[in-house]
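To start, the structure itself, in structure tokens.
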Amino acid sequence: MKSGDFTQGSILSNIMSMALPITLGQLINILYSVVDRIYIGRIPGTASLALTGLGLSVPVTTIVMAFANLYGMGGGPLCSIERGKKNDTEAQAIMCNSFVLLTVTGVLLTLIIFRLKRPMLYLFGASDETFPYANDYLTIYLLGTVFVMISLGMNHFINAQGFGKTGMITIMSGAVSNIILDPVFIFGFDMGIRGAAIATVISQFISAAWVLYFLTGKKALFTLQHSAMKLKAERVGRICALGLSGFIVGVTNSAVSVVCNATLQACGSDLYVGVMTVINTVREVISMPVTGISSGAQPVIGYNYGAGAWKRVRGCIKVLSILGIGYTAAAWIMVSLFARPLMSLFTSDTNLIEAGIPCFHIYYAAFVMMSLQFTGQSVFQALGRSKQAIFFSLLRKVIIVIPLTILLPKVMTPGVYGVFAAEPISNVLGGIACYATMLSIMLPELKRLENSKKLNIPPQSSKHQS
């Protein structure tokens, strides 16, 4: 197969050649938060408060990542589609415009969040006891906002060019640095949660530096060129429209975290905010492989769609579905059997562990249904179907999870269980709705385009960019 030509070779091989390094890279990237929380959970005397304080910072860090995904997940698939059409000039312009958007937005976010962080943290469920820890972490973390934007957002364009292994290095370089630096700053310099934040900022800088090195070097198919960075309204609109679903996922994840923490604080205590912090950390780890598979499939789907290989696009959807369902089923069995060891990995507080185990089982009860949401969402994203991608981003989190998080504690005993029960219910309802809609829309369209190609009819009626 010609390098980067996804119309050739096995569909499974094409997807896995992208998915494996992306998945490995993303798993390693998760070590940022996992390692932070493991070490913070063992700070002598203040472990539980520090861990809860870190959890309170998550909605803010999620918002930063959401903006990175707005431009990265919006521009990456468009770059793949244009590359499949052999329109390299537009593919490069999309990448360069995204870079400008990421950099400018990163600076603005740093200034805005820094000014508002105190009221934000209290809104997110901080108490007088946990605020100092959350504030210490967030104040330092914000200094690396631009680095997060560049490394996370621009890595999509490395993957879109077919360099999955290089994209993995982006994430590995930062994650490995974080693993090494965390104990040095947290325990060696006795800086506690502030040390974790410093280690994270340095690691993010290393990742961003690698991205810029590659995208300005000779190996990249498209490089960052000043001449292609002039923003064009129509192009920016396309990037933002397609990236809006990924952005909404991030913002709604942040909103869900806020509502969950506030509700847990109201009907429980800081203890259950700590439980949710651990559960969310485990979710980040075990959901990353299916996210990586979905991310790896997107360049393959987008390239084949742009190249008019409609039958291969349908094959990609089938392979993606099988891989997603198979993995999430296996992951559900694992977390069901090993709830206690997974909780114990992040804390030695027996009260936190005992309170967390039943919550753990409730939260992951329908984890396998997440694969349907991921598959449907990824296909819409890869094919430029922005309206559907945005709608289903909103459906599961805003329309289902947040109302249930507020309502279920009023009817369940104890009320905190209602907060954790909102997740499996949303997985079932949102997953089925997203996947069924994707099949009902995309499979008939792809079949029609395939038939039109056989009859040599131009596919001018295709509306792949909503």
Exercise. Yes or no: Leu51 over 19 Å from Ser203 (Cβ atoms), assigned to a helix (DSSP H, G or I) and either among the acidic types (Asp, Glu) or modelled with pLDDT of 85 or more (or both)?
Worked result: no
For this session: Name the one entry in Thr437, Thr413 that is at pLDDT 90 or above and open to solvent by 20 Å² or more (accessible area, probe 1.4 Å).
Result: Thr437
Exercise. Exactly one of (1) within 16 Å of Ala262 (Cα to Cα); (2) touching a residue at least 24 places away in the same chain (Cβ under 8 Å); (3) surrounded by fewer than 16 Cβ atoms within 10 Å (Cβ to Cβ) is unmet by Val419. Its number?
Worked result: (3)
For this session: Examine the stretch 10-17 for a residue that is assigned to a helix (DSSP H, G or I), open to solvent by less than 20 Å² (accessible area, probe 1.4 Å) and closer than 25 Å to Ala389 by Cα, and state whether such a residue exists.
Result: yes
For this session: Scan the stretch 260-282 and report the pairs whose first residue is free of Cβ contacts under 8 Å to residues at least 24 places away in the same chain and closer than 21 Å to Ile38 by Cα and whose second residue is open to solvent by 10 Å² or more (accessible area, probe 1.4 Å) and of a type in the set (A, V, I, L, M), with Cβ atoms within less than 8 Å and a gap of 6+ or a chain change.
Result: none
Problem set entry | Which numbered condition Thr170 misses (of (1) of a type outside the set (D, E, K, R); (2) on the phi > 0 side of the Ramachandran plot; (3) under 16 Å from the mean Cα position of the chain (by Cα)) | (2)
Problem set entry | Failed condition for Ser203, given (1) farther than 26 Å from Val300 by Cβ; (2) part of a helix (DSSP H, G or I); (3) of a type outside the set (Phe, Trp, Tyr); (4) open to solvent by 20 Å² or more (accessible area, probe 1.4 Å) | (4)
For this session: Scan the stretch 129-145 for residues that are assigned to a helix (DSSP H, G or I) and open to solvent by less than 10 Å² (accessible area, probe 1.4 Å) and jot them down.
Result: Ala134, Leu138, Tyr141, Leu142, Gly144, Thr145
For this session: Of the conditions (1) under 24 Å from Met276 (Cβ atoms); (2) open to solvent by 60 Å² or more (accessible area, probe 1.4 Å); (3) in a helix (DSSP H, G or I), Ser348 clears all except one; give me its number.
Result: (3)
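Would you check if Phe374 is open to solvent by 10 Å² or more (accessible area, probe 1.4 Å) and aromatic (Phe, Trp, Tyr)?
yes
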Exercise. Taking the condition free of Cβ contacts under 8 Å to residues at least 12 places away in the same chain, open to solvent by 60 Å² or more (accessible area, probe 1.4 Å), out of contact with any His (no Cβ under 8 Å at 6 or more places or on another chain) and within 30 Å of Gln265 (Cβ to Cβ), does Leu429 pass?
Worked result: no
Seminar exercise, completed: Cβ pairs under 6 Å, 6+ apart or interchain, first in the stretch 437-453 and closer than 16 Å to Gly315 by Cα and in a helix (DSSP H, G or I), second open to solvent by 70 Å² or more (accessible area, probe 1.4 Å) and basic (Lys, Arg), ordered by first then second residue, are Glu450/Lys311
Seminar exercise, completed: Just one listed residue, out of Gly55, Gly74, Gly125, is over 30 Å from Thr347 (Cβ atoms) and surrounded by 23 or more Cβ atoms within 10 Å (Cβ to Cβ), and it is Gly74
For this session: Could you tell me whether any residue of the stretch 61-68 is modelled with pLDDT of 90 or more, open to solvent by 10 Å² or more (accessible area, probe 1.4 Å) and farther than 25 Å from Asp128 by Cα?
Result: yes
Problem set entry | Residues of the stretch 146-194 that turn out to be among the acidic types (Asp, Glu) and either open to solvent by less than 10 Å² (accessible area, probe 1.4 Å) or part of a helix (DSSP H, G or I) (or both), as a count | 1
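The values are calculated or read from the model by the stated rules, or taken from the named source; none is laboratory data. Computed from a predicted structure; not experimentally measured. Don't worry about glycine lacking a Cβ; one is built from the backbone with ideal geometry, like all the others, and counts go over all protein chains shown. Just so you know, the surface numbers come from the protein's heavy atoms only, side chains and all, with ligands and any DNA or RNA stripped out. Shrake-Rupley method; radii C 1.70, N 1.55, O 1.52, S 1.80 Å.
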